[in-house]
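J.: Handing you a structure now.
The values are calculated or read from the model by the stated rules, or taken from the named source; none is laboratory data. As the structure is a prediction and not an experimental result, all values here were calculated from the model. Note: ideal-geometry Cβ built from the backbone for every residue, glycine included; neighbour counts use all protein chains shown. Remember, those area values only see protein heavy atoms, side chains included, never the ligands or the DNA or RNA. Shrake-Rupley method; radii C 1.70, N 1.55, O 1.52, S 1.80 Å.
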Amino acid sequence: MGTSVQVTPLCGVYNENPLSYLVSIDGFNFLVDCGWNDHFDPSLLQPLSRVASSVDTVLLSHPDTLHLGALPYAMKQLGLSAPVYSTEPVYRLGLLTMYDQFLSRKQVSEFDLFTLDDIDSAFQSVTRLTYSQNHHLSGKGEGIVIAPHVAGHLLGGTVWKITKDGEDVIYAVDFNHRKERHLNGTVLGSFVRPAVLITDAYNALNNQPYRRQKDKEFGDILKKTLRAGGNVLLPVDTAGRVLELILMLESYWADENLNYPIYFLTYVASSTIDYVKSFLEWMSDSIAKSFEQTRENIFLLKYVTLLINKTELENAPEGPKVVLASMASLEAGFSHDIFVEWANDVKNLILYTERGQFATLARMLQADPPPKAVKVVVSKRVPLVGEELIAYEEEQNRIKKEEALKASLVKEEELKASHGADDNTSDPMVIDTGNNHVSAEVAGPRGGGYRDVFIDGFVPPSTSVAPMFPFYENTSEWDDFGEVINPDDYVIKDEDMDQTAMHVGGDINGKLDEGAASLILDTKPSKVISDERTVQVRCSLVYMDFEGRSDGRSIKNILSHVAPLKLVLVHGSAEATEHLKQHCLKHVCPHVYAPQIEETIDVTSDLCAYKVQLSEKLMSNVLFKKLGDYEVAWVDAVVGKTENDMLSLLPVSGTAPPHKSVLVGDLKLADFKQFLSSKGVQVEFAGGALRCGEYVTLRKVGDATQKGGGSGTQQIVIEGPLCEDYYKIREYLYSQFYLL
């Protein structure tokens, strides 16, 4: 049998709940994503709580709450203690996302599920990898290789490839094949026939319009609202899709020469942009090339102003404006407060660029557009005054006294335990207050009482040295130049610098967002007051899909191309999941699974994998040819066994039988067209074929994929009269392959 693979969904199947899945490979447990939603409902994490202690490694795919929001809570409360792997942007931006989530809730509730220290502690265990970097696990995971690959959708977004004994398990959710302003498209299509592919059905029923059409509609509705005197609110995430929206707005404002103010408002807005400026190598090729040529950073914003508290927005000049504010769900954060203030004005616009999370205010408004009345709870934190403040201080003093008393009792118990029952014989510095007799030799007629207490109170124990202050022997080494020092003792570790710089939304220079820092450094006693209001929603509400996910048509094409041996569908509505499942059973592969929560499915490959040695005799006669970064060769051998009873490939005893020449490679006609053009050949596509010059035609025949997960056979047919052009084109065609 092949590598043993089991998949157990912990959250996020047959619905749009957060993503969290347990993938076991030969007994090694991966927790792939550890998401939560904006409700922070602990009941969603019950399946995770039952397996958290058995997790060996955590893999994070995207830097948003749905993919990593439960990580601090799971490590604090659920017993999760495994090492975590992600890309650098997922680590940095995920940390900022959790800071923003905590600060947003702390302002409107007594949020106690996790603290900023819990967030820092959870992210300290993250190991950062670069794209396509193969990381070999050790210990229990010996022989397993993990590698992150480009997913699109969010900066640093990852398609995880897990390899064991030559079999690949691919985890690819929320990917985007389309190239965007700041991101390249996914490389998922480059994987062919993995043993297992785990992917989502979130967008299986949606088809998107062309990007140019969407961008035009986006700009037109903004301009129309602003020119009518209205404000525009875009509820956004902290550090994910908002980056694409910011670049869109910057580009549109420059093209249209608009002067309406744009504000990006989160508790960590300035830190987010500061970090993003340093992540250009993780972005699209066009951004990297532009920076190399002009040395201009695309995130040096000209039209978008960064704000970190609502007071700055209130002090902004009056007039139409665009505000991008977190959270996208409208459940908390600045977007919630601004919505309450702006919803009653018919001139204003709430523009959604992503579907709201299930059962949130945003989702409710999208499902049932205005005009309508909605009940919302408006909460804010206010300082304690008067009797409440006095009562709070008295309670704090009482708690401090109790803690001090408890600490002293604990210390006394520890002292007794360490020195035994007789304090007088165990501690040379304890005064014997119970011995009241006067020594005749030392007591004089006057002042004897004082001398009695001072001298007679100390009873040196027979088993102890005389009392003295602690003495530490200096064991340092010295040479001709002085004391020998270890340079490592004076090096500041990267992790320490990261935590110092990042603590509470700090940027890469170590400074804090003032608004975020003020919330943490403000130790004044306060309380949260809440007020339930009925808001008359008269403003316009528009949803435009800028989620950055592949649509249903593209997902089906990609899955057909990848052609996995076994397919597992997760994260999507029941309707979308069933639709994609039925399509894949007909057109992708016969083994398609859509498990329920905590249902373990066995997707072990039906292939049999064997480890064999290549004998020295065989290798000495093999001729290798260069194939890109690899070397390939044709081998004729027989299977035998070594002295250690291990399988080995040995040379054939007689003359090896001849074999037909094999052309290795995958030719794309579009690439070949460019190659022929560079050689001066007139070439064009006509009727699905490639016309080369006047007489020669190239076309591909056969199916690219076939049902059952296998690759279909395709042939390249060259047609034309036997002339000079024919032989020249054929020679160019052969040059695109490797001949074995």
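J.: Computed from the mean reciprocal separation of all distinct C-alpha pairs, what Kirkwood hydrodynamic radius does the stretch 99-210 have, in Å?
T.: Across the stretch 99-210, the inverse of the average 1/r is 16.9 Å.
J.: Take every Cα-Cα pair in the stretch 2-102 and report what % of them are more than 21 Å apart.
T.: The answer is 28 percent, as a whole percent.
J.: Take the alpha carbon atoms of the stretch 155-294, find their radius of gyration, then divide it by 2.2 N^0.38 Å using N residues; give the quotient.
T.: The value comes to 1.28.
J.: Is the shape of the stretch 64-163 best called rounded, prolate or oblate, per the rule: a/c under 1.5 gives rounded, else a/b larger than b/c gives prolate, else oblate, with a ≥ b ≥ c the square roots of the Cα gyration tensor eigenvalues?
T.: In terms of gyration-tensor shape, oblate.
J.: Under a cut-off of 16 Å between alpha-carbon atoms, report the aspartates and glutamates in cross-link reach of K581, not counting same-chain residues fewer than 8 places apart.
T.: Hits, sequence-local ones excluded: D200, D551.
J.: On to the next question. What whole-number distance in Å separates the alpha-carbon centres of the stretch 256-322 and the stretch 346-402?
T.: Answer, in whole Å: 27.
J.: For E142 and L740, what does the FRET efficiency come to when R0 = 41 Å and r is the distance between their Cβ atoms, rounded to the nearest 0.05?
T.: Once rounded, the FRET efficiency stands at 0.75.
J.: Residues of the stretch 713-740 with backbone nitrogen within less than 17 Å of a virtual label 7 Å along the Cα-to-Cβ line of S678, please, listed as ranges.
T.: 729, 731-738
J.: Work through the residues other than M283 whose Cβ is under 12 Å from its Cβ and net out their charges, Lys, Arg +1 and Asp, Glu -1.
T.: For residues surrounding M283, the net value is 0.
J.: Continuing with this model, one more query. Per residue, how much accessible area does the chain show when a 1.4 Å probe rolls over the protein heavy atoms, in square angstrom?
T.: That works out to 52 Å² per residue.
J.: In addition: Counting each DSSP H run of 4 or more residues in the chain as -39500 (n - 2.57), what helix-only mean residue ellipticity at 222 nm follows after dividing by all residues, to the nearest 500 deg cm²/dmol?
T.: Result for the chain: -9500 deg cm²/dmol, rounded to the nearest 500.
J.: Using a 1.4 angstrom probe on the protein heavy atoms only, line up H39, H153 by accessible area, largest first.
T.: Result of the area sort, largest leading: H39, H153.
J.: Based on the Cα gyration tensor of the stretch 323-396, what are the three equivalent ellipsoid semi-axes, each the root of five times an eigenvalue, rounded to whole Å and given largest first?
T.: 34, 14, 12
J.: Could you calculate the FRET efficiency of D531 with L384 from 1/(1 + (r/R0)^6), where r is the beta carbon distance between them and R0 is 22 Å, rounded to 0.05?
T.: In this case the efficiency is close to 0.75.
J.: Do the alpha carbons of any pairs in K401/K524; K289/K668; K223/K556; K566/K660; K289/K673; K277/K668 sit beyond 27 Å of each other, and which pairs?
T.: K223/K556; K566/K660; K277/K668
J.: Next question. Heavy atoms only, 1.4 Å probe, whole protein assembly: order L739, L116, L44 by accessible area, highest first.
T.: L739, L44, L116
J.: E694: accessible area at probe 1.4 Å, nearest 10 Å²?
T.: It works out to around 140 Å².
J.: So if R0 is 45 Å, what FRET efficiency would V484 and M646 give, r being the distance between their Cβ atoms, rounded to the nearest 0.05?
T.: FRET efficiency, V484 to M646: 0.35.
J.: Also, quick follow-up: For the chain, compute the orientation-averaged projected area of the C-alpha convex hull (one quarter of its surface), in nm².
T.: Mean projected area of the Cα convex hull: 54.3 nm².
J.: If one computes the Cα centroid of the stretch 662-699 and of the stretch 144-210, what distance in Å separates the two points?
T.: Value for the Cα centre distance between the two parts: 30 Å.
J.: Counting only DSSP beta bridges with both residues in the chain, what percent are antiparallel, rounded to the nearest 5?
T.: If I count the DSSP bridges inside the chain, around 60 percent turn out antiparallel.
J.: With all protein chains present, how much of the accessible area of the chain (probe radius 1.4 Å) comes from carbon and sulfur, to the nearest whole percent?
T.: About 51 percent, which is the carbon plus sulfur part of the accessible surface.
J.: No solvent, one uniform scatterer per C-alpha: report log10 I(q)/I(0) for the stretch 615-679 via the Debye equation at q = 0.20 1/Å, two decimals.
T.: -0.94
J.: Lys and Arg at +1, Asp and Glu at -1: add these up for the other residues within a Cβ distance under 12 Å of F358 and post the number.
T.: Computed value for this residue: -2.
J.: How big is the accessible area of D489 in square angstrom, nearest 10, if you roll a 1.4 angstrom probe over the protein chains?
T.: Here the accessible area works out near 110 Å².
J.: Relative to the compact-globule scaling 2.2 N^0.38 Å, provide the ratio for the alpha-carbon radius of gyration of the stretch 544-640.
T.: 1.68
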